[in-house]
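The structure appears below as structure tokens.
The values are calculated or read from the model by the stated rules, or taken from the named source; none is laboratory data. All values reported here derive from a predicted model rather than from experimental measurement. A quick note on method: Cβ atoms are made from the backbone with ideal geometry, for glycine too, and the neighbour counts reach across all protein chains shown. Side chains included, ligands, DNA and RNA excluded: accessible areas come from the protein's heavy atoms. Shrake-Rupley method; radii C 1.70, N 1.55, O 1.52, S 1.80 Å.
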Amino acid sequence: MTEAAHLTVDGTDGDYPVMAGTVGPEVIDIRKLYGATGRFTYDPGFTSTAACESKITYIDGDEGILLYRGYPIDQLAEQSSFLEVAHLLLNGSLPSTAEHADFSRNITRHTMIHEQLATFYRGFRRDAHPMAIMCGIVGAMAAFYHDSTDIHDPQQRVIASHRLIAKMPTLAAMAYKYSIGQPFLYPDNSLSFSANFLRMTFGVPAEPYVVDPIVEDAMEKLLILQADHEQNASTSTVRLAGSSGANPFACISAGIACLWGPAHGGANEAALNMLREIGTPDRIPEFIARAKNKDDPFRLMGFGHRVYKNYDPRAKVMAGVAKKVLDQLGIADPIFDVARELEQIALNDPYFIDKKLYPNVDFYSGVVMSAIGFPTSMFTVLFAISRTVGWIAQWTEMMEDPEQKIGRPRQLYTGATHRDYVPLSAR
Ligand code: CMC
């Protein structure tokens, strides 16, 4: 391990400690840099900055590896359930049978929402984007669950965590139902996490809803694959919001707002819209050319990643899920053929090879969600349901970190220097 990093500023030498994790690059501890040199570091987009220490998720972007608490994502997606993964992310270990039963009971017991929250929906326009509704409604939870907003009480933190994970599917399904003018369905706690969500979304009170096991399995995999992704933009937002001592409902609402953007969670919606716009394989070259054109802002949605410079391991699993769902449900969606061919063409194009641009999780997730029956506007909402587990795990880890302090980046100021006020009449 490197002992220290040496930096010479204005002829003065300084040593900065180097820290090593269990795996991954070492980091240079520059906390004393400003005091010693009067200089900040400049790193817009945090491309070279570790903002915290974490034990939850590890990504090796060059090798295309993603581990939740040490377990490879493909093993979890193939063999585990979403609630098992939630327990793993929150508590650090896969649950025993007794722990699993206990955790599932806790989540299930919290699936209903305060009845008065339902009235909030009527304040939104029918055509509101469900992510807009989710930002508002999740933030509003803080007004209803006062007994779990004391962030310094570990027991209240656990209750808030369970409430958020359990109620997200209920709130999301209600956002969908509101948009199509159908009545809300109460949760059915005899069902699994995924089946319950599917029923609240696609069921109606007038008849029983039978959950298709193929769809339930695909839903579980979707949720597992998107549950956490270390310090991505929305997770960093949750941590930054939480660093000021804000309550967890407010923090998760901030995470949802960040996730909404097309460069992050909104990419799945954008990717499917792009595939639909391409429509047929013969139009692919036209879109590839646009993606490569510096003067055209168009990007191949679902391609490229800040961390993965190799195939996103979630995209590999997602491609398999997409194929299975379409095959088993007997859906012949030309979008999937466009996606497969676009992937092959891009993977063999020097532009994408040189820039190490590979499909990311969002490239195929839209195909899966569309096959299940979700409109594109719900895609990012599904991502939010899943990522709530990661947000909560990361927020909890931060709250328990003795080194935690308010997040407060600095800046390189390039604005005007001192100016004296000029009265309006003299300007
Ligand atoms: N299509 C065409 N060119 C691209 C693409 C793309 N999808 N992504 C990156 N590039 C080019 C970009 O133009 C730049 O070229 P140059 O060096 O000549 O200026 C180079 O590759 C590096 O791109 P960057 O924007 O500096 O890289 P970044 O790490 O800041 O951005 C990204 C990562 C994911 C925002 C970007 O790849 C992108 O916009 N992809 C499309 C949106 C998308 O699929 N987002 C989902 C991310 S995965 C889900 C999640 O974790 O939330």
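Being among the basic types (Lys, Arg) and open to solvent by 70 Å² or more (accessible area, probe 1.4 Å), is that true of even one residue in the stretch 25-32? Checking the stretch 25-32: at least one residue is among the basic types (Lys, Arg) and open to solvent by 70 Å² or more (accessible area, probe 1.4 Å). Across the stretch 298-314, the number of residues qualifying as near the ligand (Cβ under 6 Å from one of its atoms) and either open to solvent by 20 Å² or more (accessible area, probe 1.4 Å) or without any contact (Cβ under 8 Å) to a residue 24 or more places away in the chain (or both) comes to 5.
Restricting attention to the stretch 11-24, and to residues there that are in a loop (DSSP other than H, G, I, E, B) and closer than 30 Å to Ile65 by Cα, which single residue is least open to solvent (accessible area, probe 1.4 Å)? Only one residue fits best here, namely Gly24.
Out of curiosity, is Asp362 of a type in the set (Asp, Glu) and within 25 Å of the chain's Cα centre (by Cα)? In short, yes. From the list Ala257, Ala250, Ala271, Ala263, the lone residue that is assigned to a helix (DSSP H, G or I), within 16 Å of the ligand (Cβ to nearest atom) and open to solvent by 30 Å² or more (accessible area, probe 1.4 Å) is Ala257.
Thr111 passes every criterion in (1) under 22 Å from the mean Cα position of the chain (by Cα); (2) part of a helix (DSSP H, G or I) apart from (2). In this entry, Leu67 is excluded by the filter for residues that are open to solvent by less than 50 Å² (accessible area, probe 1.4 Å), at pLDDT 95 or above and in a helix (DSSP H, G or I). Restricting attention to the stretch 274-297 and to residues that are within 8 Å of the ligand (Cβ to nearest atom) and open to solvent by 30 Å² or more (accessible area, probe 1.4 Å), the residue that is farthest from Phe379 (Cα to Cα) turns out to be Lys294.
Arg39 fails exactly one of the following numbered conditions: (1) surrounded by fewer than 17 Cβ atoms within 10 Å (Cβ to Cβ); (2) not in a loop (DSSP other than H, G, I, E, B). What is the number of that condition? The one condition Arg39 does not meet is (2).
Applying the condition of being among the charged types (D, E, K, R) and more than 30 Å from Gly407 (Cβ to Cβ) to the stretch 185-244 and asking which residue is farthest from the ligand (Cβ to nearest atom) yields Glu207. For the stretch 175-186: of the residues being assigned to a helix (DSSP H, G or I) and touching a residue at least 60 places away in the same chain (Cβ under 8 Å), which is farthest from Met399 (Cα to Cα)? Only one residue tops the list, namely Ser179.
Are there any pairs with C-beta distances below 7 angstrom linking a residue in the stretch 194-216 that is more than 16 Å from Val381 (Cα to Cα) and open to solvent by 60 Å² or more (accessible area, probe 1.4 Å) to a residue that is at pLDDT 95 or above and not in a helix (DSSP H, G or I), with the two at least 6 apart or on different chains, and if so which? Going by the 7 Å Cβ cut-off, the qualifying pairs are Pro205/Pro183; Pro205/Leu185; Tyr209/Gly203. Scanning the stretch 364-386 for residues that are more than 25 Å from Ile252 (Cα to Cα) and within 15 Å of the ligand (Cβ to nearest atom) yields a total of 3.
Ser48 falls short on exactly one of the conditions (1) small (Gly, Ala, Ser); (2) within 16 Å of the ligand (Cβ to nearest atom); (3) surrounded by 16 or more Cβ atoms within 10 Å (Cβ to Cβ), and that condition is (3).
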